Amino acid sequence: MDKLHIGLWLAEHLDTVIGFVLLLGACLILPKSVRWYVFTGGAALLLMNLWQVSRAREKLKKLDSERSALQEQLSGLKDASEQLKQRNQELEKQSAELEQQRQALLQRQQDLASGDAALQQQQEDINRQVNAHTEQRNALQDENQRVLDALAKLKQLEATSQL
């Protein structure tokens, strides 16, 4: 296992190892008076390169984890968006049904309005039903608007997260 780690490290830092070998070779060729100056300067550059590469890898790992978290958040937003779209469709269907019932009641109300006084009680009942349906429809439309607003906010968040 130890040899595997050493092999991986050498593979990742092959450029630095080759640079060090070339530095040693250059130092052997150079005169003794400048050999240690060149070795010290070259070793400092190689160590700085190692430090920069390790810092870049740390930053890359951190950014990769942030990217993963943002992708999970985006997935959650997409799921919530789909749920809100389905809820919106259900509310629109209910609203259409209530509107249909309301129209039928209004038609019946008009028919009764032309009738005689004995039908006055039925007309009042129908008026109450029409008002109740109107209130239900308005409540559904309000809830539908809230769902649409939430969906718009989710889409805005989704667009922002994709940037």
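The values are calculated or read from the model by the stated rules, or taken from the named source; none is laboratory data. Just so it is clear, the structure is predicted and the values come from calculations on it, not from any experiment. Please note: Cβ atoms are built from the backbone with ideal geometry, for glycine as well, and neighbour counts cover all protein chains shown. All accessible areas refer to the heavy atoms of the entire protein, side chains included, with ligands and DNA or RNA removed. Shrake-Rupley method; radii C 1.70, N 1.55, O 1.52, S 1.80 Å.
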### Task
Round to the nearest 0.05 the FRET efficiency obtained for Q94 and L148 when R0 = 22 Å and r is the Cβ-Cβ distance.
0.90
### Query
On average, how much accessible surface per residue is there in the range 1-148, in Å², for a 1.4 Å probe, leaving out ligands, DNA and RNA?
76 Å²
## Note on the structure
Asserting the computed 222 nm helical MRE of the chain (DSSP H runs at least 4 long, -39500 (n - 2.57) per run, divided by residue count, to nearest 500) equals -34500 deg cm²/dmol
### Message
How large a share of the accessible area of the chain, in percent, is made up of carbon and sulfur atoms when the probe is 1.4 Å and the other protein chains stay in place?
### Response
58 percent
### Task
Run the 1.4 Å probe and let me know the accessible area of R67, rounded to the nearest 10 Å².
120 Å²
### Summary
Going residue by residue through the range 50-60, the Karplus relation 6.51 cos²θ - 1.76 cosθ + 1.60 with θ = phi - 60° gives ³J(HN,Hα) values, rounded to whole Hz and with x marking Gly or Pro, of 4, 5, 5, 5, 5, 5, 5, 5, 4, 5, 5
### Query
Using only Cα atoms, what Kirkwood radius does the chain have, in angstroms?
23.6 Å
